[in-house]
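The block underneath contains the structure these notes are about, expressed in structure tokens.
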Amino acid sequence: MHITEQKNDLNKLVSSVMVQADFALTADDIAFVLELAISAGASAVAMRALATVEEKTSPTDLVTSADKALSELLLAALGKRFASDLVLSEEAPWVAHDHGRRRWIIDPIDGTKYYVDGSGKYAVMIGLENQSRELFGCFFMPAHNKALLGGPGLGAYLYEVNDGVAVLNKVSVSSAMPAGTVRLMVSQNDLNAHGWLKEVPDVEIVIASSIGIDVFELLNDEADLFVHVRPTLGYWDTAAPCAVAQGLAFEVGTEVEDFISYGYQSSKHEPTIVIGKAGALAWWRRVWQNQNKK
């Protein structure tokens, strides 16, 4: 499909199924962000075979030439479209002020190590934050050829292509935390650093990957909640998927708050980050408090 045709089709698709009149973005804005994420995802796939790989802080914290190239592409496109907003990327210098502006927070390839290893558990993520809270998010998962987009007050929508036809459907979750065994999604690095997680009663561990992929798997009922315990997540890791998670009606918060804050001096979250079904925050806080009493 020619790129102009794709843009026109996405505009029609988004306009036909979503966007309330008082939402902060227009249907055309949202279609633009969706098309941008899809195009960046296609570029990521095309770049992978020749991408160079570097370590950032550890052998599991990687950056590739594709991350950097897509970062430049996304920064330029969003900066042009939303000239009055601030646009920030994991692969660009952090700006420790906002001057009252909204902030687009992007991760060109979230889950770079899964991009490198060929497992496909990565996503192109574009989030919009305003007044320290998630407003809107969109992430495209090339391995699934699907995107999730939405935010608080907007709902969440799944983009996919069925038999060559692009569709956009509203999606949500209604189930609560189970009374019995809880499927806890957590990264292998968190498990290595916090071995006590394996000893929590009535818990089945599910290994996490990109948080975008994790939210998609939560939607597909492959786990009940996701937690990240170590203070290693950046705002680009959460801005898009946590906005979408709220649109899906998941609980999103920390061990003490029913929300996640986005500051200015730092781009890092403090632990913990929790995303899950109704009751997930209360469940995690009990687990956290019991551990800290020991």
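From the residues in the range 169-205 that are of a type in the set (S, T, N, Q) and under 30 Å from ASN145 (Cα atoms), which one is surrounded by the fewest Cβ atoms within 10 Å (Cβ to Cβ)?
Restricting to residues being of a type in the set (S, T, N, Q) and under 30 Å from ASN145 (Cα atoms), the top hit is SER174.
How many of the residues making up the range 120-154 are hydroxyl-bearing (Ser, Thr, Tyr) and at pLDDT 95 or above?
Summing the residues that are hydroxyl-bearing (Ser, Thr, Tyr) and at pLDDT 95 or above in the range 120-154 gives 1.
Of all residues in the range 116-161, which are out of contact with any strand residue (DSSP E or B) (no Cβ under 9 Å at 6 or more places or on another chain) and basic (Lys, Arg)?
Within the range 116-161, ARG133 is the sole residue that qualifies.
Hey, among the residues in the range 267-280 that are more than 20 Å from SER172 (Cα to Cα) and touching a strand residue (DSSP E or B) at 6+ places or on another chain (Cβ under 9 Å), which one's modelled with the lowest pLDDT?
Step by step, filter the range 267-280, then rank; the result is PRO271.
Applying the selection to the range 73-93, what residues are closer than 15 Å to ALA239 by Cα and polar (S, T, N, Q)?
SER89
Give me the residue from the range 38-56 that is under 22 Å from the mean Cα position of the chain (by Cα) and of a type in the set (S, T, N, Q) and, out of that set, surrounded by the most Cβ atoms within 10 Å (Cβ to Cβ).
Going through the qualifying residues, I end up with SER39.
Restricting to the range 241-275, give me the number of residues that are of a type in the set (D, E, K, R) and in a loop (DSSP other than H, G, I, E, B).
Total satisfying the criteria: 4.
Report yes if some residue within the range 96-111 is modelled with pLDDT of 95 or more, surrounded by fewer than 20 Cβ atoms within 10 Å (Cβ to Cβ) and not β-branched (Val, Ile, Thr); otherwise report no.
yes
Can you tell me which residues in the range 206-229 are without any contact (Cβ under 8 Å) to a residue 60 or more places away in the chain and surrounded by 15 or more Cβ atoms within 10 Å (Cβ to Cβ)?
VAL206, ALA208, GLU217, LEU218, ALA223, ASP224, LEU225, PHE226, VAL227, HIS228, VAL229
Does the range 154-168 hold any residues that are assigned to a strand (DSSP E or B), surrounded by fewer than 16 Cβ atoms within 10 Å (Cβ to Cβ) and out of contact with any Asp or Glu (no Cβ under 9 Å at 6 or more places or on another chain), and which are they?
Residues satisfying the conditions are GLU160, VAL161, ASN162, VAL165.
Can you find a residue in the range 105-115 that is farther than 24 Å from ALA66 by Cβ, touching a residue at least 24 places away in the same chain (Cβ under 8 Å) and in contact with a strand residue (DSSP E or B) (Cβ under 6 Å, 6 or more places away or on another chain)?
no
Specify which of the listed residues (GLU35, GLU90) is surrounded by 15 or more Cβ atoms within 10 Å (Cβ to Cβ), at pLDDT 95 or above, touching a helix residue (DSSP H, G or I) at 6+ places or on another chain (Cβ under 7 Å) and among the charged types (D, E, K, R).
Every option except GLU35 fails the conditions.
Suppose we filter ASP237, ASP258 for residues that are surrounded by 17 or more Cβ atoms within 10 Å (Cβ to Cβ) and either outside the structural domain of ILE126 (by TED's automatic domain parsing) or farther than 23 Å from VAL116 by Cβ (or both); which single one remains?
Only one candidate qualifies: ASP237.
Only one of these conditions is not met by ALA245: (1) free of Cβ contacts under 8 Å to residues at least 12 places away in the same chain; (2) in contact with a helix residue (DSSP H, G or I) (Cβ under 8 Å, 6 or more places away or on another chain). Which number is it?
Condition not satisfied by ALA245: (1).
Read through the list (1) under 19 Å from LEU135 (Cβ atoms); (2) at pLDDT below 95, then give the number of the only condition that ASN189 fails.
(1)
Residues checked against (1) without any contact (Cβ under 8 Å) to a residue 12 or more places away in the chain; (2) under 24 Å from VAL274 (Cβ atoms):
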| site | (1), (2) |
| --- | --- |
| PHE140 | no, no |
| GLY153 | no, yes |
| ASN169 | no, no |
| ALA179 | yes, yes |
| LEU184 | no, yes |
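So for the range 263-275 (the condition being charged (D, E, K, R) and surrounded by fewer than 20 Cβ atoms within 10 Å (Cβ to Cβ)), does at least one residue qualify?
Checked against the condition, which is being charged (D, E, K, R) and surrounded by fewer than 20 Cβ atoms within 10 Å (Cβ to Cβ), the range 263-275 yields at least one hit.
The values are calculated or read from the model by the stated rules, or taken from the named source; none is laboratory data. Predicted model, so just to flag it, every value in this text is computed and none were measured. Note that each Cβ is placed from the backbone with ideal geometry, even for glycine, and that neighbours are counted across all protein chains shown.
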